[in-house]
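Report on the following structure.
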Amino acid sequence: MVTPTSVRTVDLRSDTVTKPTESMRSAMAIAEVDDDVLGSDPTAMRLEKEMAEIAGKEAAMFVPSGTMANLISVLIHCDERGSEVILGDDSHIHIYENGGVSSLGGVHPRTVKNEEDGTMEIGSIEAAVRGPKGDLHHPVTKLICLENTQANRGGRCLPVEYIDKVGELAKKHGLKLHIDGARIFNASVALGVPVKRIVQAADSVSICLSKGIGAPVGSVIVGSKKFITKARWMRKTLGGGMRQIGVLCAAALVALNENVPKLGDDHKKAKILAEGLNRIERLRVNVAAVESNIIYVDIPEDPKFGAEDACKSLKDVGVLVLPQATFRIRIVLHHQISDVDVEYVLSCFEKMF
């Protein structure tokens, strides 16, 4: 165990752990609000308009969480119980969203392997498609889901050209394309491509406001006006109709203006930290795979000291990280991590390993 030498706390468990900034708190305090369920909260409408423009879509809707955003999107596209969605076997929707598409929507998930770069092989996606004129034993495919950045592949960014190809495939088979864009701003900054271009081929996109850009709560769904009209009904059905949400949307507007420009610094710090960790003899990091703000660290396969043990020891010295697997640790950078924090984390890992 590392002997504590500082009271410093560096929270790298996720980019969801950021605290509202003073400017966010000020905006929340003075936000103009009304009843959003009645469609009259002005700050919510302002946020939704701005997000629709950023994504190049007709309309947008605020929801409490990314899980609800994805669930609503899948349920609308797969509007017949027993229909099918194609998605990555290591995708967030499939692994971390409580099986909601199945338990609440009766939607059948058909998984395709996520490659190391976060993509699903185009041929494999097409081979998984099952149409209404096919074998009556099979469900009918209605939707393809992508994730950008792909979290379980270390925050890898799906290139525009790849997304366009998947979009073309979806149209060829009469399917819809949804993008889980929880960290789409990270992808945009890393790729140097506007969000609207990245998601151009998508019929709907969920965008998280409380991850990299640091708002305290919420996600937004973007799509056509017709899609968002249906989404509002579905949000109400799922219990996500809220009232004076302008208080939350005000913080999100500040996050858009102040924190999106900081994402590039998060990525640089992640690369510096990844390179430093990889120089520690007993650790392994695929530095080339660190394209945004997520790092996976492989530790020695010691049956007496796994990732959970390492995380507990690091917590004793104020470094908060999470185990990803038995001998793998996940680290996520965000805008409230400084250069000094990075140096401190490296020193703690060096002492431990």
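Test of understanding: in a Gaussian network model of the chain with alpha carbons linked when under 10 Å, which of GLU50, GLU97, GLU22 would top the mean-square fluctuation ranking? Looking only at GLU50, GLU97, GLU22, the biggest GNM fluctuation is shown by GLU22.
The listed residues GLU80, GLU48 rank as GLU80, GLU48 when sorted by accessible area, largest first, using a 1.4 Å probe.
Can you give me the C-alpha center-to-center distance between the range 106-146 and the range 11-74, rounded to a whole angstrom? Taking the Cα centre of the range 11-74 as reference, the centre of the range 106-146 is 31 Å away.
Across the cross-link table entries LYS113/LYS268; LYS113/LYS211; LYS142/LYS165; LYS113/LYS133, which are compared at the Cα atoms, the separations over 27 Å belong to LYS113/LYS268.
Each stretch of four or more DSSP H residues adds -39500 (n - 2.57); spread over every residue of the chain, this sum gives -12000 deg cm²/dmol at 222 nm.
Loop-located GluC sites (Glu not before Pro) in the range 262-353 (DSSP state not H, G, I, E or B) with no more than 14 neighbouring Cβ atoms inside 10 Å: GLU281, GLU301. Taking a straight Cα-Cα cut-off under 15 Å and skipping sequence neighbours fewer than 8 places away in the same chain, the aspartates and glutamates within cross-link reach of LYS171 are GLU126, ASP203. Of the trypsin sites (Lys or Arg not before Pro) found in the range 290-353, those that fall in a DSSP loop while having at most 11 other beta-carbon atoms within 10 Å are LYS304. A simple packing score, the average count of other Cβ atoms within 10 Å per residue, orders the peptides 144-157, 258-271 as 144-157, 258-271, with the highest score first. Of all the options LEU314, LEU136, LEU248, the one that moves most in a Gaussian network model of the chain with Cα springs shorter than 10 angstrom is LEU136. A simple spin-label model places the labels of GLU281 and ILE95 3.2 nm from each other, with each point 7 Å out along Cα-to-Cβ.
Here the mean projected area of the convex hull built on the C-alpha positions of the chain is 18.2 nm².
The values are calculated or read from the model by the stated rules, or taken from the named source; none is laboratory data. Just so it is clear, the model here is predicted, and its values are computed rather than measured. In this analysis, Cβ positions are derived from the backbone assuming ideal geometry, glycine residues included, and neighbour counts consider all displayed protein chains. Note: accessible area is taken over every heavy atom of the protein model, side chains too, but ligands, DNA and RNA are not part of it. Shrake-Rupley method; radii C 1.70, N 1.55, O 1.52, S 1.80 Å.
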